[in-house]
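First the structure, in the form of structure tokens, and then the observations on it.
The values are calculated or read from the model by the stated rules, or taken from the named source; none is laboratory data. Note that this is a predicted model, so its numbers are computed, not measured. Please note: Cβ atoms are built from the backbone with ideal geometry, for glycine as well, and neighbour counts cover all protein chains shown. When the accessible area is computed, the model is the full protein with side chains, heavy atoms only, and any ligands, DNA or RNA have been set aside. Shrake-Rupley method; radii C 1.70, N 1.55, O 1.52, S 1.80 Å.
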Amino acid sequence: MAAIAQRTKSPIVPAMSAVAAGVSNTMSLQPTTFSTSTNANGSYSTQDQVQSFPPSTLKDWLAYGIMPLHVAVQTYAWGVPGHSSLVGKTYKRNTNIPINPETPYAELWMGDHPNGDANIKVASSSVLGLQDTNAGLNVKLSQVIKEQNMQFPYLFKILSVNNALSIQAHPDKQLAKQLHMQAPKNYPDDNHKPEMSVALTPFSGMCGFRHVDQIRKSLQSTPELVQVVGKSIVDKFETDLDTFYQSNNAGADVTTVTANDPRKALLKSIFSGMMHQDPQVVSEQAGKLESRLGAMLASSSGNLSPEDALFLDLNKQYPNDVGCFSAYFLNHVLLQEGEAFFMAANEPHAYLKGDCVEIMARSDNVVRAGLTPKFKDVDTLLTMLTYNFGSVDFVQPEKIGSYISKYVPPVQEFQLERIELPSSQSVTLPEAKGPGILL
């Protein structure tokens with residue numbers, strides 16, 4: 001189920017596992033209690049503890065604390081097709097709309113963003129006390145939010161990823177306003193979009209830049225990459241990096257990266273060289289690299305590096321795309337179920353495979369530069385990136401009691417709580433600032 005909640009009563013969810021999305025708990029609302037029970041056949045069920053359901057007025061709905069939603073689905077090409085998609089199966093369960101086995105179900109959107117505004121599941125708009133609205137599912141969540149003078153600062157999603165997403169980053173608030181003003185068709189929001197992802201299955205992605213010394217080793221072992229970046233650019237990168245270490249009396253693998261670290265400019269030079277390379281050069285070198293790595297695989301002693309293997313995988317999906325060479329620049333991360341990472345504004349990333357829940361500030365702004373047929377804005381991406389390198393911002397959940405794991409990113413707009421309940425148990429979510437979404 002998906003529902004918007006104010007945490008003012010005691011809604012019951014019919015599942016042993018749930019996710020609650022909400023804003024960071026800088027203000028408090030009343031706690032919410034969940035419970036489960038098991039039928040004789042082993043399935044989970046609930047009993048309504050509210051005397052009159054559904055409530056008859058908006059006031060009663062808010063007192064009850066939960067409003068069921070019909071949510072939106074996005075069918076992007078990189079999604080998982082048909083009944084294999086967690087997004088597709090969840091969408092069918094939520095809306096009773098049949099699954100098309102050929103359709104790639106990519107993202108389930110839960111929130112009031114205009115590109116995927118949820119519907120309130122009620123029999124009549126009069127239940128919500130709204131004026132001039134059609135009955136039932138045509139009552140938009142955004143309308144309820146607006147008329148109640150509430151703010152929905154985040155967007156909550158499920159993702160089912162079958163093929164790699166674009167090499168991308170999301171702008172900070174200042175840049176978002178500028179891009180929205182200049183090109184509202186490509187950048188529909190004036191808000192930033194920090195985001196956090198929690199794996200539901202083994203989930204892989206590229207997140208942030210590898211350490212410059214690791215990238216250097218890839219350049220030294222991958223002549224095709226040198227040609228894509230540009231040999232003169234690589235030579236200067238090598239010389240300047242040596243000078244940095246010598247001038248600081250430091251060896252390689254210096255782990256502290258300061259705000260004005262000169263290595264950031266060096267990283268920008270080689271990444272920009274790659275992204276600006278002539279497509280014909282990229283195509284030729286991608287073909288050469290694919291052939292060389294294929295021959296290594298065919299030999300009895302051929303062992304590919306993780307970066308080489310990822311390049312081959314990306315090049316199968318997006319042949320001769322410059323974004324395939326990002327495998328040598330970006331951290332390759334594999335999350336297990338329940339593990340999470342945070343992506344701040346202006347940091348490069350691309351999801352690769354698996355299912356996750358994702359929560360972000362309320363925005364759909366994406367600056368792309370590879371691995372996509374969609375609009376690319378390479379110069380903007382190269383200018384906006386921070387060029388921080390060497391680490392991934394993993395989010396460690398805080399255990400609250402026996403059943404709740406809380407994920408708190410370094411932003412105020414959102415947090416996640418994962419609830420795992422044994423049969424016939426109950427749990428009370430801690431007070432939090434609303435509104436929240438229960439999945």
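Here is the figure for the range 284-306: residues that are open to solvent by less than 40 Å² (accessible area, probe 1.4 Å) and assigned to a helix (DSSP H, G or I) total 6. Taking the stated definitions as given, is VAL257 open to solvent by less than 50 Å² (accessible area, probe 1.4 Å) and free of Cβ contacts under 8 Å to residues at least 60 places away in the same chain? Here the answer is no, as VAL257 does not meet what is asked.
Based on this model, can you work out whether SER424 counts as on the phi > 0 side of the Ramachandran plot and out of contact with any helix residue (DSSP H, G or I) (no Cβ under 7 Å at 6 or more places or on another chain)?
Details: on the phi > 0 side of the Ramachandran plot: yes; out of contact with any helix residue (DSSP H, G or I) (no Cβ under 7 Å at 6 or more places or on another chain): yes.
Criteria met by SER424.
Name every residue in the range 138-159 that is in a helix (DSSP H, G or I) and more than 21 Å from ILE359 (Cβ to Cβ), in order of residue number.
So the first thing to find is which residues in the range 138-159 are in a helix (DSSP H, G or I), and the list is 138, 141-147.
Of everything in the range 138-159, those that are in a helix (DSSP H, G or I) and more than 21 Å from ILE359 (Cβ to Cβ) turn out to be ASN138, GLN143, LYS146, GLU147.
Residue count for the range 225-277 under the criterion of being polar (S, T, N, Q), under 16 Å from PHE209 (Cα atoms) and modelled with pLDDT of 95 or more: the result is 2. Scanning the range 389-402 for residues that are over 21 Å from GLU358 (Cβ atoms) and at pLDDT 90 or above yields PHE389, GLY390, LYS399.
Taking the conditions exactly as written (farther than 25 Å from LEU225 by Cβ and crowded, with 22+ Cβ neighbours inside 10 Å), does SER326 satisfy them or not? Steps first, please.
Numbers: farther than 25 Å from LEU225 by Cβ: no; crowded, with 22+ Cβ neighbours inside 10 Å: yes.
When the stated conditions are applied, SER326 does not pass them.
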